[in-house]
Amino acid sequence: MTKAELIEEVSTKTELKRRDVSDIVDSVLECVKGALQKGDKVQLIPFGSFEVRKRKAREGRNPKTGEKLMISARTVPAFHPGKDLRDAVQKPVKKK
């Protein structure tokens, strides 16, 4: 699902104008991004939570040449799904 498809679906379900829904979605995403930039954790219970994780510097290899290189330390966003989301996407195993 793309952002445009999400906006269309929310617009249909809520009977709000697409432009208004687009502004709301953009605002929510900006708020999440701003909180993560400050180092805060964003919890959307029962959907899941977003947080910033720190990765240590490490040694890597150029896959083309095999040459060793250092990959610097960095921070990356991470998402941890909530129980309801995990359960919703869990597919039952078919028995033979």
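The values are calculated or read from the model by the stated rules, or taken from the named source; none is laboratory data. As the structure is a prediction and not an experimental result, all values here were calculated from the model. Using ideal geometry, Cβ is built from the backbone for each residue, glycine included, and neighbour counts are taken over all protein chains shown.
Numbers for the structure displayed
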read-out: The range 41-57 residues that are outside the structural domain of residue 31 (by TED's automatic domain parsing), paired with ones that are outside any strand (DSSP E or B) and of a type in the set (S, T, N, Q) (beta carbon under 6 Å, 6 or more apart); value: 57/72
read-out: Pair list, Cβ < 7 Å and 6+ apart or interchain, from the range 20-37 residues that are in contact (Cβ under 8 Å) with a residue 12 or more places away in the chain and of a type in the set (A, V, I, L, M) to residues that are in a helix (DSSP H, G or I) and surrounded by 12 or more Cβ atoms within 10 Å (Cβ to Cβ); value: 21/7; 21/10; 21/11; 25/6; 25/7
read-out: Qualifying positions in the range 17-58 - farther than 15 Å from residue 78 by Cα and under 16 Å from the mean Cα position of the chain (by Cα); value: 25, 26, 27, 28, 30, 31, 45, 46
read-out: Subset of the range 14-27 that is modelled with pLDDT of 95 or more and surrounded by fewer than 11 Cβ atoms within 10 Å (Cβ to Cβ) - its residue that is nearest to residue 69 (Cα to Cα); value: 27
read-out: When residues of the range 14-40 are limited to those that are small (Gly, Ala, Ser) and either touching a Ser or Thr at 6+ places or on another chain (Cβ under 9 Å) or not assigned by TED's automatic domain parsing to the domain that holds residue 3 (or both), the one nearest to residue 82 (Cα to Cα); value: 39
read-out: Cβ pairs under 8 Å, 6+ apart, first in the range 63-89 and closer than 23 Å to residue 50 by Cα and free of Cβ contacts under 8 Å to residues at least 24 places away in the same chain, second part of a loop (DSSP other than H, G, I, E, B) and not hydrophobic (A, V, I, L, M, F, W, C); value: 73/56
read-out: Residues that are assigned to a helix (DSSP H, G or I) and of a type in the set (Lys, Arg), drawn from the range 65-88; value: 83, 86
read-out: Subset of the range 40-56 (residues that are surrounded by 10 or more Cβ atoms within 10 Å (Cβ to Cβ), in contact with a strand residue (DSSP E or B) (Cβ under 8 Å, 6 or more places away or on another chain) and more than 19 Å from residue 3 (Cβ to Cβ)); value: 41, 43, 49, 51, 52, 55
